[in-house]
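To keep things clear, I will list the structure first and then write my remarks on it.
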Amino acid sequence: QVQLVESGGGLVQPGGSLRLSCAASGSRFTIYTMNWYRQAPGKQRELVATITTGGTTNYADSVKGRFTISRDNAKNAVYLQMNSLKPEDTAVYYCNAVRLPARYWGQGTQVTVSS
């Protein structure tokens with residue numbers, strides 16, 4: 001079992017930055033691939049960024065070059081640095097831990113990009 005708690009969301013102007021954090025507790029953090037998903041109103045949840053146990057990263061095309069995912073295994077945490085934010089980045093952002101067949105989700109944190 002893994003418990004995930006996101007933080008760092010908020011209201012930011014277009015072009016601004018935010019850093020989301022996800023604190024993990026419970027099982028061994030290092031064995032999980034970690035993901036950030038987001039869900040905008042009326043839309044399906046989408047995968048934004050992934051970081052594997054070995055540190056390999058992948059990004060959705062819509063955020064490449066603007067978002068950076070990282071993990072600190074000593075702190076049992078994963079981060080999402082979001083730069084050059086756009087209104088279309090507005091969504092609830094969820095932290096996700098995966099080691100198949102297990103999947104765990106946080107409660108989400110709201111990110112609103114608006115002037």
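For this structure, a couple of remarks:
- Alpha-carbon centroid distance for the pair segment 1-74 / segment 90-110, whole angstrom: 8 Å
- Portion, in percent, of the accessible area of segment 47-92 that falls on carbon or sulfur, probe 1.4 Å: 46 percent
- Length gained on full extension, Glu46 to Gln1: 13.9 nm, using 0.36 nm per residue less the C-alpha separation.
- Cross-link reach list, aspartates and glutamates versus Lys43, counting only Cα pairs under 14 Å and skipping chain neighbours closer than eight places: Glu88, Asp89
- Once divided by 2.2 N^0.38 Å, the Cα radius of gyration of segment 56-115 becomes 1.25.
- Solvent exposure of segment 1-73 as accessible area per residue, Å², 1.4 Å probe: 54 Å²
- Note: relative contact order over the chain, using C-alpha pairs below 8 Å and six or more positions apart, is 37 percent.
- Shown here is the pair-distance distribution of segment 13-81: with all Cα-Cα distances grouped in 10 Å bins from zero up to the longest one, the shares run 19, 50, 27, 5 percent.
- Here, P(r) means the percent of Cα pairs in each 10 Å bin from 0 to the largest distance; for the chain it is 15, 50, 29, 6, 0.
The values are calculated or read from the model by the stated rules, or taken from the named source; none is laboratory data. The structure displayed is predicted, hence computed values, not measured ones. Surface accessibility is based on the protein's heavy atoms, side chains included, excluding ligands, DNA and RNA. Shrake-Rupley method; radii C 1.70, N 1.55, O 1.52, S 1.80 Å.
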